[in-house]
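Below is one structure; the comments refer to it alone.
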Amino acid sequence: MRYIKNTGKAMVIATLALFTVLSACKKDSEFFDIEDPQGIDSRIWSDQGAVGLFLNRTYGLVIPQWPTLGGIHNTSDELNNANTAFLYGTLVENSVTDIGTGNGITTNRYFDIRRCNIAIEGLNTNSTLPEVTRTTLKGQFFFLRAFVYFRLVSLYGGVPLILQSQTLEDELNVPRAKTSECIAAIVKDLDSAIAYLPATWPTSDKGRITRAAASATKGKVLMYWASPQFNPTNIASRWEDAYQANLAAYNQCIADGHSLFPTYANIFTTEDNVEVLLVRKYSAARDVGTNTEAITRPDSETDGASGSNQPTWNLVQAYTMSDGLPTNHASSGYNNIMFWQNRDPRFAASIAYNGGVWPLSGKATRKQWSHTGVPDEAAGTIVTGFYCKRLTNNTLTPAQSVYNSNSGGGSGMDWIEMRFAEVVLNLAECANETNRLTEAKDNVRRIRQRAGIVVGSFDYGLDVAADMASMRSLILNERMVEFAMEGKRYWDLRRTRNYGLISARQSYKLAAKLPYVAGNLPANPVAGRIYIDAPDAFGVRPRDTANLNNQSVYTAIYTTPGTIASLEGSNVISIPAKYYFYPFPNFFSQNFFLEQTSGWINGTFDPLQ
């Protein structure tokens, strides 16, 4: 899907050496991939189609894709996939290369920033397009520039702040700006985006930035600036600024038609729903797909790589009971053997556990099995004992679930970078940090009501939070559950300086106990034993007819509770405090204008200023 329509007019572009005029038959991705900003013919800024292609490419470079499984920024205590160098404290100066590793279009984020600078300047000074068209285009470039800078600042602290187009020779010959200066510039860009962007786009332009998305991002930026990562001394005025920005974002979202989508389980499978704010569009067509479906499914229901995105026992424990009480509360009624019963409905929507219904491939009554020795899944693919249900499309066959860049396929599921629920919880957090406890609870209550949690005797479980500190912990846990497997956990622990909450990732596995036996029927069955995975003459397996919601039946078949084990082996989680701000990688640190981040080799730059 495209972010902006092409008018079909010819594009005029000059190359660096020859300034040759090219025709519009080139691929979108090839347009403007030049190193010299002065090599672009100024006439393009008066051609909406030309600017459109330039903008399309910028969206493609900037808007996040599906999180990288096992990447540093998707590593926490919620999934089996992890970057172990991060967890075990062995990152080095060249480990975090988000800012770039070279001087090229896709290897240096300052090329993204340059694209935005060029476009803003061109639309300001060399365009004859109608003003409303120019401002709408500029609004998107302001947002995209702010988004790039925000990602860099959240990782490194202050970075070189370049807001005008420069030649390659001059691009990074400037020192790192203070983090406070970068935040101010990001907010200014987002204010411009809010002022210039529309409330909605036509259906054909879904995926483009709206004023609500820009407002929500501004609130998020200021919340980061107020959070302990950047604000360890807890400067109160930052939290008040963040509260006001997130309240404005909430109201803007409501005014522009955004709300919580009624069915939590279908947020990702229902495209362009009312909750979506910032999205990267995908489809099942070639070159614009994703293989997330196949790699998330269990081995038994896909034709390719599988078994990623497996939730940990840590995440399973984070879900409250159906009335919002944590499992360790005296009145929770939690059963550590029948752990899935009477839980927050988001548990059933997200977590596939042994014996639970998961109707993949259109099989309405299909159950997922992950006990030790189950023959359905390939050896070694059951890592945690659980699978992720949220990011899958139940109607696809195993063959359809696989994406191939040459032929397409897969679910084509969009990546939702930000949804309205995040605005609600951002506002709740900022309200709590500014002594507005009642308002903070009101917003979490909205999230829990949508989830299907019942009011119970403890106001959806909110009565357990009697002060700012306990509410802070409740909100952090709520975010872990609400955004489970959406790549948010790492960032939340980072900005709140809570890496210490990442404990050993755990699995929970069940084993059959005699007379019950798992696995295929052996050549010489033992009399009196019941082979739970082996079909009888009618194709029926004993496991499928067992009522596992009956505790006496469940405990008769399995040794309970299950075995809890660490995924870390002999390694110990050890995340140094210096990881809250990463060092510039080697390519950038070779520039003598740039100070290295404090805490790293030769580091002198203070990211808290």
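Taken together, the values in this text are just the output of simple stated rules run on the coordinates, not laboratory data. All values derive from a computational prediction rather than experimental measurement. Quick reminder, even Gly has a Cβ in these numbers, built from the backbone with ideal geometry, and neighbours come from all protein chains shown.
What to note about this one:
- Contour excess over end-to-end distance, with Cα ends at A248 and A184 and 0.36 nm allotted per residue: 21.3 nm
- Here the dipole of the stretch 453-536 is about 500 debye; that uses its Cα centre as origin and unit charges on the Cβ of Lys and Arg (positive) and Asp and Glu (negative).
- Between S574 and A466, the modelled labels are 3.9 nm apart [label points 7 Å from Cα along Cα→Cβ].
- Rounded to the nearest 20, the Cβ-based charge dipole of the chain about its Cα centre (Lys and Arg +1, Asp and Glu -1) stands at 760 debye.
- What you get for the stretch 351-496, charging only the Cβ of Lys and Arg (+1) and of Asp and Glu (-1), is a dipole of about 260 debye around the Cα centre.
- The residues neighbouring R176, those whose beta-carbon lies less than 13 Å from its own, together hold a net charge of -2 under the Lys/Arg +1, Asp/Glu -1 convention.
- If you take all other residues with their beta carbon under 12 Å from the beta carbon of K188, and give Lys and Arg +1 and Asp and Glu -1, the sum is -1.
- Chymotrypsin sites (Phe, Trp or Tyr not before Pro) within the stretch 566-609, DSSP loop, no more than 16 other Cβ atoms inside 10 Å: F592, F593
- Matching label, Rg and Dmax of the Cα atoms in Å computed from the structure shown, candidates (i) 26.4, 82; (ii) 24.4, 85; (iii) 25.9, 87: (iii)
- The Cα atoms of the stretch 484-609 give a gyration tensor whose axes a ≥ b ≥ c have a/c of 1.5 or more with a/b greater than b/c, which makes the shape prolate.
- FRET efficiency, F592 to V92 (Cβ-Cβ, R0 35 Å, nearest 0.05): 0.95
- Residues L521 and V274, FRET efficiency given R0 of 60 Å [Cβ-Cβ distance, rounded to 0.05]: 0.75
- Nearest 10 degrees, 0 to 90: helix 48-62 Cα axis against the chain principal axis: 50 degrees
- Distribution of pairwise C-alpha distances over the stretch 111-243, 10 Å bins, in %: 12, 39, 33, 15, 2
- Computed on the Cα atoms alone, the convex hull of the stretch 41-99 gives a volume of 97 cubic angstrom per residue.
- The length gained on full extension between T604 and T125, counted as 0.36 nm times the residue separation minus their Cα-Cα distance, comes to 168.5 nm.
- Ranking G139, N342, A195 by Cα position along the charge dipole of the chain, where only Lys, Arg, Asp and Glu carry charges on their C-beta atoms, puts N342 farthest toward the positive end.
- A full extension of the chain between F458 and D41 corresponds to an added length of 143.6 nm, given 0.36 nm per residue minus the alpha carbon distance.
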